[in-house]
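Input: a single structure, listed below in structure tokens.
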Amino acid sequence: MGESVTTPRIDYQALFAATPSPYLVLGPDLVIIDVNRAYLTATGRTREDLVGEYVFDAFPDNPADPNADGVRNLNASLRRALSSREPDTMAVQKYDIPVMDKPGVFEERWWSPINTPVLGPDGQVAWIIHRVEDVTAFVLSHPSRSREGGGLAQWEEMEAELYARARELQGLNEELRQAHARERQVAVTLQEAMLHSPDLAGHDDVAVRYLPAAGSLNVCGDWYDLVDLPDDGFAVAVGDVVGHGLEAAAVMGMLRSALSAAVRALHEPAKALEVLGLYARSIEGALTTTAAQVVVDPHSRRIAYSSAGHLPPVLVHHDGTIELLDQATDPPLGARPKHLPGPQAELSYTPGDTLVLYTDGLVERRGEDIDAGLHRLTDALGRYARLGPERVADAVLARLGVSAGARDDIALMVLRL
């Protein structure tokens, strides 16, 4: 008998640390999980500087460069990788980095990035590998680049010369994205029609987001709505029908319309939800739906609210302190054997405060207590309290790792009061 050959066990952590190309590992929430030595050398940072940081907090755009678009371009690429679960190759990017021992000073840098998603056992994106090559020296010394940065044609010519393969891959990725977009256009049109809120157009200080469950048709059972009321008041609502797909979307459409009509007539959130609860008893698939209704009176600066089994809306004060609207919660629609009046509560607000309504897909995670998800949400909202509603909405989705969708669909409303 010959001697058996034993393959040595590979230390992948050591391999990652020693890899000569700069690598960054991100979670689905775009928080930095790990970094190799080459990346630290390329950026002049330490592990303590980066690990645990939101990537765009660690590497913001250069405030002195009015044309800086590194954050926007990288964010778009990372979102594509999360959504498609396929590698996304970026064109060469100008993305300046902070000089650590000179606060406020940025160093010009050019990078060639690739973002590769890594799937977990459940098929969802568990990590993103962000690999970059520093091509600053080449860009700054290339003869086609003038002192002013060179013309667009020269720049594209240089890219083609050095990164022909990367450009081909990027073109193929774009073709796949376009084909996917065409296939989903009908679903997108249906979604927009069902979530259309005519009164929303008159509110520039409101941001809304709708993300279908990952892998589902682009319509599901979550909704948001905004309704103008007399004397400059308005009502906002979110709701969640159990299930996904067209059946849940059909039930959602009926309940959303009924609640909109009820609050227009009654002007009180509890009474509007009472009407919706009675209506839900006659709709197959509507029972156990959850909803939250909030009425805002800008003259008295008061908020009245009521909830049917829904997670509490959040009031974020301009100083970053948080109040959960959790003092008027009833069971989901139709859960009581007999109809009873629903609870209602009120609180005051200060102009500049932010009101946030959402559905459970934003915060719920399998095998985790809901309080952990609520804590992540309130922590993110406190962190971004001074941003505008649109930026708050995007930052929260990114921070909670659901920019590209989650297991459940998500509706989100952010209002600056």
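What distance in nm separates the simple spin-label points at Ile33 and Asn73, each placed 7 Å from Cα in the Cβ direction?
With each label point 7 Å from Cα toward Cβ, the separation is 2.7 nm.
For Leu287 and His196, compute 0.36 nm times the residue count separating them, minus their Cα-Cα distance, and round to one decimal in nm.
Here the segment from Leu287 to His196 would lengthen by 30.4 nm.
Using a Cα-Cα cut-off of under 21 Å, which lysines could be cross-linked to Lys338, ignoring same-chain neighbours fewer than 8 residues away?
Answer for Lys338, where 21 Å is the Cα cut-off: Lys271, listed by chain and number.
Residue by residue, what Karplus-based ³J(HN,Hα) values in Hz, rounded to whole numbers, does region 240-255 have, using 6.51, -1.76 and 1.60 with θ = phi - 60° and x for Gly and Pro?
Along region 240-255, the couplings run 8, 8, 5, x, 9, x, 5, 5, 5, 5, 5, 5, 4, x, 5, 5 Hz.
Can you work out ³J(HN,Hα) from phi for every residue in region 392-404, in order, using Karplus 6.51 cos²θ - 1.76 cosθ + 1.60 and θ = phi - 60°, giving whole Hz and x for Gly and Pro?
Couplings: 4, 4, 5, 5, 5, 4, 5, 4, 8, x, 10, 4, 9 Hz.
So which lysines can Lys94 reach, going by Cα to Cα under 22 Å and dropping same-chain residues fewer than 8 places off?
Reachable lysines: Lys102.
Taking the Cβ-Cβ separation of Arg302 and Arg391 as r and a Förster radius of 25 Å, what is the calculated FRET efficiency to the nearest 0.05?
Given R0 = 25 Å and the Cβ-Cβ separation, E is 0.40.
How long is the gain from Met100 to Gln327 if the chain were fully straight, where each residue apart is worth 0.36 nm and the alpha carbon distance is subtracted?
My answer for the length gained is 77.0 nm.
With a 1.4 Å probe and every protein chain left in place, work out the accessible area per residue of region 1-134 in Å², rounded to a whole number.
Ligands and nucleic acids excluded, the figure is 54 Å² per residue.
On the protein heavy atoms, probe 1.4 angstrom, tell me the percent of accessible surface of region 241-355 carried by carbon and sulfur.
55
With just the Cα atoms defining each centre, how far is region 205-275 from region 71-109? Give it in Å.
Each part reduced to its Cα centre gives a spacing of 37 Å.
Normalise the Debye intensity by I(0) for region 250-290, one equal point scatterer per Cα, no solvent, then take log10 at q = 0.14 Å⁻¹ and round to two decimals.
Taking Cα atoms of region 250-290 as identical point scatterers yields -0.26.
What list of ³J(HN,Hα) values in whole Hz, one per residue of region 306-316 in order, does the Karplus curve 6.51 cos²θ - 1.76 cosθ + 1.60 (θ = phi - 60°) give from phi, with Gly and Pro shown as x?
8, 9, 10, x, 9, 5, x, x, 10, 9, 9
The values are calculated or read from the model by the stated rules, or taken from the named source; none is laboratory data. The model shown is predicted, which means the values in this text are computed figures rather than measured ones. Don't worry about glycine lacking a Cβ; one is built from the backbone with ideal geometry, like all the others, and counts go over all protein chains shown. Just so you know, the surface numbers come from the protein's heavy atoms only, side chains and all, with ligands and any DNA or RNA stripped out. Shrake-Rupley method; radii C 1.70, N 1.55, O 1.52, S 1.80 Å.
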